[in-house]
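Data first, discussion second: the structure below is written as structure tokens.
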Amino acid sequence: MKVIQFTIPVEIDNSIYFQEDRLPYFYRHLHRHIETQITWVVNGEGTLVIGNNMLPFRSGDLFVIGANQPHLFKSDPSYFIPGSRRQIHSLNIFFNPTGFISHLLAFPEMLSIKKFVNSSNTGLQASDKDAAKLAEHFLKIRNSSVGFRLAYFIEFLQVMANLRKWKPLSTGSFEYSISDTEGLRMNDIYQYTMDHFTEDITLAQIAAIAYLTPQSFCRYFKKHTNKTYVNFLNEVRINEACKKFMELNFESIGNVAYQSGFNSVVSFNRVFKSIMEKTPKEFIRTYHKDN
């Protein structure tokens, strides 16, 4: 899938690139790059669109994004309010799995790391407990001199390879094979949906964003996401509801339903269970018990 192709400014004579971001909000466009990306969200909240999936992210989360995997960290609306002083903070490591690292992974001692790197192609998320431990290694790499950075990075990969509770983020059966123009069109569809999900988005409205007729849009969206637009819109709305439940930022489940764009609590409960495989109450209870 050619969306917006990024070229990571890899440092000369270094096999990995470390980047620390302190910005008003995350980069707003769906994009990809040939490097595998490991991101620790030190501070920030929003929605991660990755491949053909989406999920909420918040401070402390740690993700591995596969090489060439389309992704977008969409900051919460509060970051875009005029005059807002909110900022995101993230630490990122980029490495090309087919570059220098591939020669390193050829050694027999690197077998477990090689398997881990290969398994990250569709994206992974660490558990809260593991993310806290991995953050220490992130800081170790950031604070090290160039001579030690690669050694600490290998140690970091080995620690990640030994973890058993990684959450896969996207299905591996979906092919991302659309043109640059179509990628930009998908970005417009995603952006409009995430900016207006609380409204009653009609098929005619979203089709107009893509410069297609409603009938053509339905075929187009299903072809490139393997889901209907209604399914996608519901996922966006349920994702927003989950963020509120995770943060305990709500007065009642009914209020969350209406704030997420649903016209009735009954419809919200039905859609929530179909997507999350739990009722809202079960989700709240389970999430806060495990965390």
- Item | Average Cα contact separation per residue, segment 54-139, under 8 Å, 6 or more apart, as relative contact order % | 53
- Message: Using the basic label-point model (7 angstrom from Cα toward the beta carbon), what is the Gln87 to Phe100 distance in nanometres?
- Response: 3.0
- Nearest 0.05, what FRET efficiency do Ile275 and Arg219 give at R0 = 35 Å with Cβ-Cβ as r? 0.90
- Task: Pull out the extension gain between Leu248 and Gln205, defined as 0.36 nm times the separation in residues minus the alpha carbon to alpha carbon distance; nm, one decimal.
- Result: 12.2 nm
- q = 0.10, 0.17 Å⁻¹: log10 I(q)/I(0) that the Debye formula gives for segment 16-168, counting C-alpha atoms only: -0.34, -0.99
- Over the chain, what is the mean sequence separation of C-alpha contacts under 8 Å (at least six apart), divided by residue count, expressed as relative contact order in percent? 18
- Antiparallel DSSP beta bridges within the chain, percent to nearest 5: 95
- Item | Estimated FRET transfer efficiency when R0 is 30 angstrom, pair Ser144-Ser59 (beta carbons, to 0.05) | 0.80
- Semi-axis lengths (Å, descending) of the ellipsoid that matches the C-alpha gyration tensor of segment 180-290: 29, 14, 12
- Query: Dipole magnitude of the chain about its Cα centre, charges +1 at Lys/Arg Cβ and -1 at Asp/Glu Cβ only, in debye to the nearest 20?
  - Reply: 580
- Take the Cα atoms of the chain, build their convex hull, and give its volume per residue in Å³. 142
- Length gained, Ser112-Thr228, 0.36 nm per residue minus C-alpha separation, equals 38.0 nm
- For the table Lys165/Lys289; Lys129/Lys167; Lys167/Lys222; Lys74/Lys244; Lys244/Lys278, the rows whose alpha-carbon distance is greater than 19 Å are Lys167/Lys222
- What are the ³J(HN,Hα) values, in whole Hz, obtained from phi via the Karplus relation 6.51 cos²θ - 1.76 cosθ + 1.60 with θ = phi - 60°, for each residue of segment 64-72 in sequence order, with x given for Gly and Pro? 10, 10, x, 4, 6, 8, x, 7, 7
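Laboratory data are not the source of any read-out in this text; all were calculated from the coordinates shown. Remember, predicted model here, so these are calculated numbers, not experimental data. Neighbour counts run over all protein chains shown; Cβ positions are idealised from the backbone, glycine included.
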